[in-house]
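Colleague: Shown below is the structure under consideration.
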Amino acid sequence: MAGLLQSSVGLLRSRLSRQIVAWVFLSLLVIEGIIFVPSYLRRRQAQLRALEQVSGELLFAVKAISMVNRDLSEVLARLQAELKPDSIVRGAALYRRDGTMLRQFGESPELDLSYLGVSEVRRQLNSDRSRYDVAWPSSQFQGQYLLAVRHDATGIGPAMVRYALSIAGLVVIISLFVTLVTILVLERLLINPLMHLRSDLLAAGEAVSRDDDPHFQSLSLDRNDELGDVAKAFRQMFGRVSHEIQERRQAEQALLEANARSERLLHNVLPVSIAEQLKQETGEAIASRFDEATILFADIVDFTGLAVDLAPTQLVCLLDNIFSAFDAIADRLGLEKIKTIGDAYMVVGGLPLPQADHASRVMTMALEMLQVAKTFQRQDGRPFCLRIGINTGPVVAGVIGTKKFSYDLWGDAVNIASRLESQGSIDRIQVSEATYTCLNHLYHFESRGSLNIKGRGPMKTYLYCGDDRGD
């Protein structure tokens, strides 16, 4: 019993349960109340009729005397003397048929006897409900007299109160019992399945976020009603939603991976800052002027002859290995690779982000490129050789066009660097006077004299000697 009450109280924590139980309880009270009111009125009428039975005995005595033609007034006096002190008869009055009073004793009835029919019994409860008057018609006295009797009705009120309380208590007990049964039925047929369904909804939300397949409690209930249909529909909906979410996640992951590949590819083609500007899609050309940058051109010596001896695939793989090693050096030194043209490699320092030591960074890369080239061998066993030219000066850098974007440099400083490479010496680093001015405090250079640069005429150039100033 305790467990049953505990289960019922726990069930009432549900808002839906409280609403249903409240409506059931109130409905029962209303129904019982509707039934109770007529029952109450009938019970009170029965109490009043019980009072009439006492006055009926008095009527019988009066009728018996009237049949032997005795004086009815003396009969009333005799009856008064025989009444007990606790009798409910408080008074009586005898009237002629026309309403003239012949005799009375005790309290006088307050009935209006005018227009009283021959066979009509008139009843009246006074305003404070303490007295009940009954008038017996003349048909009871061979059409000659009327008898009115006053009864004590004070006992009816408390009796009706006790009756009302007992009925009300019974109504409450019945209502509580039916409500308790309703709670138990609701718990089994409705509330528990709904609570399971709510838990399953929460579990479904967590399972979707974890990409998991939960165990739904609502599906463990074998029901062939509407709630069972709802549970099955919920499972089907969860399956479809999970499948769609999984497909969307896979699509999003594939999109992220594709975007990452595109980002890596774009950053391999363009500097990061330039790529970010390009993604804004302003439609304008991206170009910037740099007052000072250092440009390096490197060329593999006798690469044309090597191309004759090697298969195209071998040639491309070899060139890829060499240039990939150069790319690693550029990334480590923070330099920007511009492009490769055939066997030529171009790199710049000082852009797109300015660098105060761009010339020394480029010089460091040139030295490491010479060392890396030695690690690769030709078919005849000889190492690869390079020609390197370096120049420092103002340039314009940017991206133009709408297809096959390429970050490139323009300016006289670029042309000079290219000429220094093409007119340089094998395995030597040739620099312009501007670059020499930036690096002579760090490295040893020897003057090569005046070199006729195409498009510029004679220019003083320098060759790196092999030892830096720190030796």
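Colleague: Please go through the range 369-386 and pick out each residue that is of a type outside the set (D, E, K, R) and either surrounded by fewer than 15 Cβ atoms within 10 Å (Cβ to Cβ) or not in a loop (DSSP other than H, G, I, E, B) (or both). Before you say what the answer is, go through the steps one by one.
Modeller: Going residue by residue through the range 369-386, those that are of a type outside the set (D, E, K, R) are 369-373, 375-377, 379, 381, 383-386.
Listed by number, the residues that qualify are 369, 370, 371, 372, 373, 375, 376, 377, 379, 381, 383, 386.
Colleague: Take the conditions of a type outside the set (D, E, K, R), within 60 Å of the chain's Cα centre (by Cα) and modelled with pLDDT under 90 and apply them to residue 409. Does it pass?
Modeller: Details: of a type outside the set (D, E, K, R): yes; within 60 Å of the chain's Cα centre (by Cα): yes; modelled with pLDDT under 90: yes.
When the stated conditions are applied, residue 409 passes them.
Colleague: Could I ask something else about it? If you check 389, 424, which single one turns out to be surrounded by 13 or more Cβ atoms within 10 Å (Cβ to Cβ), touching a residue at least 60 places away in the same chain (Cβ under 8 Å) and either in contact with a strand residue (DSSP E or B) (Cβ under 6 Å, 6 or more places away or on another chain) or not assigned by TED's automatic domain parsing to the domain that holds residue 331 (or both)? Quick ask: steps written out before the conclusion?
Modeller: Working: 424 fails: touching a residue at least 60 places away in the same chain (Cβ under 8 Å).
Only one candidate qualifies: 389.
Colleague: Right, something else. Please work out if residue 188 is assigned by TED's automatic domain parsing to the domain that holds residue 94 and either at pLDDT below 75 or not hydrophobic (A, V, I, L, M, F, W, C) (or both).
Modeller: Numbers: assigned by TED's automatic domain parsing to the domain that holds residue 94: no; either at pLDDT below 75 or not hydrophobic (A, V, I, L, M, F, W, C) (or both): yes.
No, not satisfied.
Colleague: Only strands (runs of 3 or more DSSP E) wholly contained in the range 285-368 count here; list those with 3 or more residues that are over 58 Å from the mean Cα position of the chain (by Cα) and buried (at least 16 other Cβ atoms within 10 Å of the Cβ). Step through it out loud before you land on a result.
Modeller: Numbers: elements: 286-300, 336-341, 344-349.
The qualifying strands (runs of 3 or more DSSP E) are 286-300.
Colleague: Another question about this same structure. Is it the case that some residue within the range 253-272 is at pLDDT 80 or above and either under 15 Å from residue 376 (Cβ atoms) or assigned by TED's automatic domain parsing to the domain that holds residue 439 (or both)?
Modeller: There is no residue in the range 253-272 that is at pLDDT 80 or above and either under 15 Å from residue 376 (Cβ atoms) or assigned by TED's automatic domain parsing to the domain that holds residue 439 (or both).
Colleague: Next question. List pairs: first residue in the range 325-352 and not assigned by TED's automatic domain parsing to the domain that holds residue 435, second residue in a strand (DSSP E or B) and among the hydrophobic types (A, V, I, L, M, F, W, C) anywhere in the structure, Cβ distance under 6 angstrom, at least six positions apart or on different chains.
Modeller: none
Colleague: For the range 87-109, give me each residue that is part of a loop (DSSP other than H, G, I, E, B) and either touching a residue at least 24 places away in the same chain (Cβ under 8 Å) or closer than 15 Å to residue 58 by Cα (or both).
Modeller: First, pick out the residues of the range 87-109 that are part of a loop (DSSP other than H, G, I, E, B): 87-88, 97-100, 107-109.
Of everything in the range 87-109, those that are part of a loop (DSSP other than H, G, I, E, B) and either touching a residue at least 24 places away in the same chain (Cβ under 8 Å) or closer than 15 Å to residue 58 by Cα (or both) turn out to be 87, 88, 97, 99, 107, 108, 109.
Colleague: Further question on the same structure: Scanning for something among the hydroxyl-bearing types (Ser, Thr, Tyr), in contact with a Cys (Cβ under 9 Å, 6 or more places away or on another chain) and either at pLDDT 90 or above or not in a strand (DSSP E or B) (or both), does the range 391-406 turn up at least one residue? Even if it seems obvious, please write down each step before you answer.
Modeller: Step one: list which residues in the range 391-406 are among the hydroxyl-bearing types (Ser, Thr, Tyr), which gives 392, 402, 406.
From the residues that got through so far, the ones that are in contact with a Cys (Cβ under 9 Å, 6 or more places away or on another chain) too are 392.
With either at pLDDT 90 or above or not in a strand (DSSP E or B) (or both) added as a condition, the list becomes 392.
Yes - at least one qualifying residue is present in the range 391-406.
Colleague: In the range 299-323, which residue that is closer than 23 Å to residue 348 by Cβ and in contact with a Lys or Arg (Cβ under 7 Å, 6 or more places away or on another chain) is modelled with the lowest pLDDT?
Modeller: 301
Colleague: Considering only the range 129-168, state which residues are among the basic types (Lys, Arg) and not in a strand (DSSP E or B). Working first, answer last.
Modeller: Of the residues in the range 129-168, the ones among the basic types (Lys, Arg) are 129, 131, 150, 162.
The answer is 129, 162.
Colleague: A follow-up question, please. Can you name every residue in the range 300-334 that is in contact with a helix residue (DSSP H, G or I) (Cβ under 6 Å, 6 or more places away or on another chain) and within 22 Å of residue 380 (Cβ to Cβ)?
Modeller: Matches in the range 300-334: 307, 315, 325.
Colleague: Another one. Quick check on this structure: which one of 439, 451 is surrounded by 16 or more Cβ atoms within 10 Å (Cβ to Cβ), free of Cβ contacts under 8 Å to residues at least 40 places away in the same chain and either of a type outside the set (Gly, Ala, Ser) or touching a Leu at 6+ places or on another chain (Cβ under 8 Å) (or both)?
Modeller: Matching residue, one of 439, 451: 451.
The values are calculated or read from the model by the stated rules, or taken from the named source; none is laboratory data. Predicted, not measured: the structure shown is a model, and the values here were computed from it. Glycine gets a Cβ as well: all are built from the backbone with ideal geometry, and neighbour counts include every protein chain shown.
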